[in-house]
Amino acid sequence: MLMTRSLEERLVNLYRQTKVIGGLFRSLGQEADAVGTAYALDREAGDILSPLIRNLGSMLVQGATPLEVLRQYMAKAESPTGGRELNIHFNDLERGFLGQISHLGDMVPVMAGIAMYFKLTRQPRVGLVYVGDGAMSTGAFHEGMNFAAVQRLPLVVIAENNGYAYSTPMRKQTAVKFLVEKASAYGVPGVQADGNDVLAVYETTRAAVDFARAGGGPSLVELITYRRKGHAEHDNQSYVPLEEIEPWVQKDPIDRYRMQLEAMDWYSSSEIAEVETRVLDEIDEAVARCENEPFPAPESALDGVYHDPPRADLEWYRRLDG
């Protein structure tokens, strides 16, 4: 969680220096959702997750590195996508994460397809996909959830109820009070947890993962949390009453977990300080390494679009040599 927040804070600094290409999406106050759910999966078993823009922490748990994330946001030639995609739009199935599609809800049917593959090949693997409250009002979510339910697929759907779909509060885009109420429409278990308590998130998700792996089918897990920043750095959050944010600052997931660690004598304050130093050192090293790296070469723009390397017999491909 600390790596997630610290990395995003560094990205904010780079964004303000115009070194980040495209948008920057923060997960401030929601780090427990991504981290707790990802730890509930079994990487050795080959479980796969699909994140959304505020689930950077889940990819870090699965093995993505700060250097890769920085290169992606800065569109460097050495980024996982060669500078052709941005932020966390990259995947590595070997490490267990599938790059997202920006369109809301679309990853639910995609991950349902992956879960169908797990079922048909009799592999004891589980898929996990994240959706927001806005995504749950889309047709793609409905189709994917319904298909997963009917086919009893090993899929866990994490619904992050953070209060807003861009600038639209949840009460203005769905009539239910809680997203978990929608589970009954698909005939699947629906459970709810405090999204700002990383241990509660882990335990609730782990139960859903175990249920899916045992052949029980999909589950809908709603995590109650709050988006403490605007949709992205360009969004000034002017539509949010200031008095609405402060109570959630007091429920900060990292502060709460730090207090839990000390209260239960799992970690001392000095040990936590060592973790903080290690995190910042790793980010400093990654920034220093990639900040002055080159962007993709212009002549590589068409590489991999149709055929790589280009074929001389394809008339539509204009060769650099004329």
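What the table below lists for this structure:
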quantity: Residue match in region 259-276 (condition: of a type outside the set (S, T, N, Q), touching a Pro at 6+ places or on another chain (Cβ under 8 Å) and over 22 Å from Leu67 (Cβ atoms)); calculated: no
quantity: Helices (runs of 4 or more DSSP H) contained entirely in region 59-164, each with at least 2 residues that are of a type in the set (Phe, Trp, Tyr); calculated: 107-120, 139-151
quantity: Single unsatisfied condition, Gly99 versus (1) small (Gly, Ala, Ser); (2) modelled with pLDDT of 95 or more; (3) out of contact with any Gly (no Cβ under 7 Å at 6 or more places or on another chain); calculated: (2)
quantity: Residue count, region 6-41 (criterion: in a loop (DSSP other than H, G, I, E, B), over 11 Å from the mean Cα position of the chain (by Cα) and among the hydrophobic types (A, V, I, L, M, F, W, C)); calculated: 6
quantity: So Asn13, is it farther than 21 Å from Tyr164 by Cβ, at pLDDT below 95 and polar (S, T, N, Q); calculated: no
quantity: Which listed residue, of Val191, Val201, Val209, Val180, is part of a strand (DSSP E or B) and modelled with pLDDT of 95 or more; calculated: Val191
quantity: Residues that are surrounded by 14 or more Cβ atoms within 10 Å (Cβ to Cβ), in a helix (DSSP H, G or I) and free of Cβ contacts under 8 Å to residues at least 40 places away in the same chain, drawn from region 261-286; calculated: Leu261, Glu262, Ile272
quantity: Residue check, Ala45 in a loop (DSSP other than H, G, I, E, B) and not aromatic (Phe, Trp, Tyr); calculated: yes
quantity: Search result, residues across region 286-322 that are more than 30 Å from Thr65 (Cβ to Cβ) and either at pLDDT 65 or above or among the small types (Gly, Ala, Ser) (or both); calculated: Tyr306, Ala312, Gly322
quantity: Condition check for Leu223: under 30 Å from Arg258 (Cα atoms), buried (at least 21 other Cβ atoms within 10 Å of the Cβ) and either touching a Cys at 6+ places or on another chain (Cβ under 7 Å) or touching a residue at least 40 places away in the same chain (Cβ under 8 Å) (or both); calculated: yes
quantity: Residue in region 235-248 that is in contact (Cβ under 8 Å) with a residue 24 or more places away in the chain and under 17 Å from Asp33 (Cα atoms) present; calculated: yes
quantity: Residue that is of a type outside the set (Lys, Arg), surrounded by 21 or more Cβ atoms within 10 Å (Cβ to Cβ) and more than 25 Å from Glu222 (Cα to Cα), where the choices are Val61, Val69; calculated: Val69
quantity: Matching residues in region 156-207 - criterion: being within 25 Å of Gly113 (Cα to Cα) and among the charged types (D, E, K, R); calculated: Glu160, Glu181, Lys182, Arg206
quantity: Subset tally (residues that are modelled with pLDDT under 95, surrounded by 16 or more Cβ atoms within 10 Å (Cβ to Cβ) and within 17 Å of Ser6 (Cα to Cα)) for region 230-256; calculated: 1
quantity: Considering residues of region 166-199 that are within 24 Å of Glu31 (Cβ to Cβ), without any contact (Cβ under 8 Å) to a residue 40 or more places away in the chain and touching a strand residue (DSSP E or B) at 6+ places or on another chain (Cβ under 8 Å) only, the residue surrounded by the most Cβ atoms within 10 Å (Cβ to Cβ); calculated: Ala193
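The values are calculated or read from the model by the stated rules, or taken from the named source; none is laboratory data. Everything numeric in this text was worked out from a predicted model, so none of it was measured. Note that each Cβ is placed from the backbone with ideal geometry, even for glycine, and that neighbours are counted across all protein chains shown.
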